[in-house]
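The values are calculated or read from the model by the stated rules, or taken from the named source; none is laboratory data. It should be emphasised that the depicted structure is a prediction, and the values quoted were computed from it without experimental measurement. Glycine also receives a Cβ, built like all others from the backbone with ideal geometry; neighbour counts cover every protein chain displayed.
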Amino acid sequence: MIGTVDNQEVRDAVTRDGYYVAKGMVPVELVDAIRDFWLDKYANGQPEQVLIWTPYYGEPNGILFDRSNTHRLFRSYDYLWNAPQHRATRDLAISLSRLRNRIIETFERDGETFAEDHFGTYITTTYYPPDGGWLAEHVDDVQGHLHWHFQVPLTFRGTHYEGGGLYYMDRHGNRIDVDGAVAPGDVLFFDATQPHGVTPIQPYKDKTSFGRMQMFAIPTLMEMPYENDRTIDRITWSRFVKAKLRPLKWKLFGRPDQKYGT
């Protein structure tokens, strides 16, 4: 599915500069298919919700739109314990995640399995709409883990939108115009602890614009369900009351497992 790359070359470049563009890693036909699938999904509109930064174990997949004083974007959430939202997207993301792990010389499936420190990854497409989608400059970090990302651009400046896009501050203080350096099929590897952001997407005035879209697997630390407010919000009052009264019921009438022999 993906091309080959010199792992040492990528490792040296990210260590030295903070980033590396692997040219022609993904078949263009696959990039087109993934882009078309997600453009169709986002075209149908999505509920406006607060962006999810920390998922919890067992969280259902979802798609949302959020705007605030730091961003305006759509994002999909594909968690590996669920059926994939789009099989081709997940397969490509897992292949590149394993490649990234080989580059940083860690366990190839790191992020795919349950871990003591709750480290894991989830797959996302992030879509910055043509009417000013953007993301404030920021740095990412997951304590105790080398935070190197991969990213697959799915739309391209000069074809799908006129201006704006991803920039990256390299280790030498240079502002790198990433969207001016990538073409269909390229994969960006970068150290996410360096500042980066997305300047407002500018549409064409005289033709259809699709905005900016990318795909990658986000490393993060998962929460336990009982620690997460979104889980609590899904609990109905009837289930809450039933759970709280259950110990009293067991005390009065006995636990169900005590009614039967073994």
Practice problem: Starting from region 229-244, take each residue that is assigned to a loop (DSSP other than H, G, I, E, B) and list its partners that are modelled with pLDDT under 80, counting only C-beta distances under 9 angstrom and pairs at least six apart or across chains. | Solution: Ile235/Ala243
Practice problem: Return the pairs, sorted by first residue and then second, in which the second residue is loosely packed, with under 15 Cβ neighbours inside 10 Å and of a type in the set (A, V, I, L, M), the first residue lies in region 91-120 and is at pLDDT 95 or above, the beta carbons are less than 6 Å apart, and the residues are 6+ apart or on different chains. | Solution: Ser95/Met1
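Take Val139 and decide whether it is under 27 Å from Leu30 (Cβ atoms) and hydrophobic (A, V, I, L, M, F, W, C). Before you say what the answer is, go through the steps one by one.
On the way: under 27 Å from Leu30 (Cβ atoms): no; hydrophobic (A, V, I, L, M, F, W, C): yes.
So Val139 does not fit the description; no.
Looking at region 74-90, which of its residues are in a helix (DSSP H, G or I) and touching a residue at least 12 places away in the same chain (Cβ under 8 Å)?
Within region 74-90, the subset in a helix (DSSP H, G or I) is 87-90.
Those that are in a helix (DSSP H, G or I) and touching a residue at least 12 places away in the same chain (Cβ under 8 Å): Ala88, Thr89, Arg90.
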Quiz prompt | Residues satisfying the stated conditions in region 152-198, i.e. surrounded by 15 or more Cβ atoms within 10 Å (Cβ to Cβ), more than 19 Å from the chain's Cα centre (by Cα) and among the hydroxyl-bearing types (Ser, Thr, Tyr) | solution = Tyr161
Quiz item: Is there a residue in region 32-49 that is under 18 Å from Ile218 (Cβ atoms), in contact with an Asp or Glu (Cβ under 9 Å, 6 or more places away or on another chain) and without any contact (Cβ under 8 Å) to a residue 60 or more places away in the chain?
Solution: yes
Exercise. Output the number of the condition that Tyr168 fails; it satisfies all remaining conditions of (1) touching a His at 6+ places or on another chain (Cβ under 9 Å); (2) under 24 Å from Tyr42 (Cβ atoms); (3) outside any loop (DSSP other than H, G, I, E, B); (4) not hydrophobic (A, V, I, L, M, F, W, C).
Key: (2)
